[in-house]
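Have a look at the structure below, then the notes.
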Amino acid sequence: MNTSSSHSMLRVAAINFLNPAPLMWDFEHAPLAAELATNYSLHYTQPSQCAAELLANRADLGLIPIASLTPELAVVPGCTIASLDEVRSIQLIVKSPHTLSTVKTVSADTASRSSLAYAEILFRKFANNHPAFLPAQADPVAMLQQTDAAILIGDPALLALERREQIEAEVGPCEWFDLAHEWHTRTGLPWVAAVWAVRPEALGPPRLTAAKLVEDLEASRNHGLLHIEELVEQWTPRIDLSPKVIRHYLSHNIHYVLNTDCIRAIKLFRQYAAEVDVLPALPDLRFL
């Protein structure tokens, strides 16, 4: 590839988890993947790294946790990773006899800044508690042997739910909190995990226009949602979950449309996170 054509491509930091799979459909499947590859250069990373790559100018577009939004980055309208109630893939597991207000230590999978910030809001704002968060590998038994509670994010959380009896047989009875449900119960709003964000200066000639970017991302999501069965087939060998669980997760637990309620939820999340001193204030959301 010559330098001029590679310079005009949009560098995309993407995530190889189950929940963004519908958003990535056109980028990863024929017939549109080849055409999109002329405008987008994809690489895969951790959710927590996507924003760092955007801010360091190693990527132009990324699916980033809403905790990582900054005034320099613009939210791309249209798509999101959210949940209207239970998400299943963010679990706060509290070991008996502790409650949200008595937990002192939390082992935390650090894969997502947003999920950790939601947990801190739950503890600080709603349970009036300030436990210590300790980084840990996503192994629920090892985590709960070390601390009063554990946070699991993404695929490890889904796997832990399936193994709940086995986990509790090893560490004792636990209370399991779905962080999306806890947020929704207290605010009446969706739980929002991530959005597409872009460095606005990366768009325009000789690269994509903003309108074309929005169109490509929304089309990819729409096509992905029409191919849930194919995604179930592709992911069943990759993750130790039944096709039924994967299908329900992609069809019912995750919400992919960035609507007005989701935007209100992002603003309230950032307001609360600033109030409890977990994240810097983000006075206004910047949209593309």
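The values are calculated or read from the model by the stated rules, or taken from the named source; none is laboratory data. Because the structure is a prediction, the values reported are computed rather than measured. Heads up, the Cβs are rebuilt from the backbone with ideal geometry, glycines too, and the neighbour counts pull from every protein chain shown. For the accessible areas, the whole protein counts, side chains as well, though only heavy atoms, and no ligand, DNA or RNA atoms are used. Shrake-Rupley method; radii C 1.70, N 1.55, O 1.52, S 1.80 Å.
Observations, loosely collected:
- Candidates Tyr256, Tyr272, Tyr44, ranked by Gaussian network fluctuation over the chain, Cα under 10 Å, top entry: Tyr44
- FRET E, pair Gln234, Arg207, Förster distance 45 Å, beta-carbon r, rounded to 0.05: 0.90
- Helices in the chain, meaning DSSP H runs of at least 4 residues, each add -39500 (n - 2.57). Divided by all residues, the mean residue ellipticity at 222 nm is -10500 deg cm²/dmol.
- For segment 54-187, the fraction of alpha-carbon pairs in successive 5 Å shells from zero, as %: 2, 10, 19, 22, 18, 13, 8, 5, 2, 0
- Take segment 1-150 with all the other protein chains still there, run a 1.4 Å probe, and you get 39 Å² of accessible area per residue.
- In plain terms, the chain from Gln145 to Ser8 could stretch by 44.2 nm, reckoned as 0.36 nm per residue minus the Cα-Cα distance.
- Backbone amide hydrogens, once placed in the peptide plane, bring Leu42 within less than 5 Å of Val12, excluding anything fewer than 5 places away on its chain.
- The chain: antiparallel DSSP beta bridges as a percent of all, rounded to 5: 60 percent
- 29 Å Cα-Cα reach of Lys104 towards lysines, excluding residues that sit fewer than 8 places from it in its own chain: Lys95, Lys125, Lys267
- Accessible surface of the chain [probe 1.4 Å, protein heavy atoms]: carbon and sulfur percent: 51 percent
- Rounded to the nearest 0.05, the FRET efficiency derived from the C-beta distance between Glu215 and Arg186 at R0 = 51 Å is 0.90.
- If R0 is taken as 25 Å, the Cβ-Cβ distance between Ala56 and Gln137 corresponds to a FRET efficiency of 0.45.
- Separation between Cα centres of segment 121-184 and segment 7-82, rounded to whole Å: 28 Å
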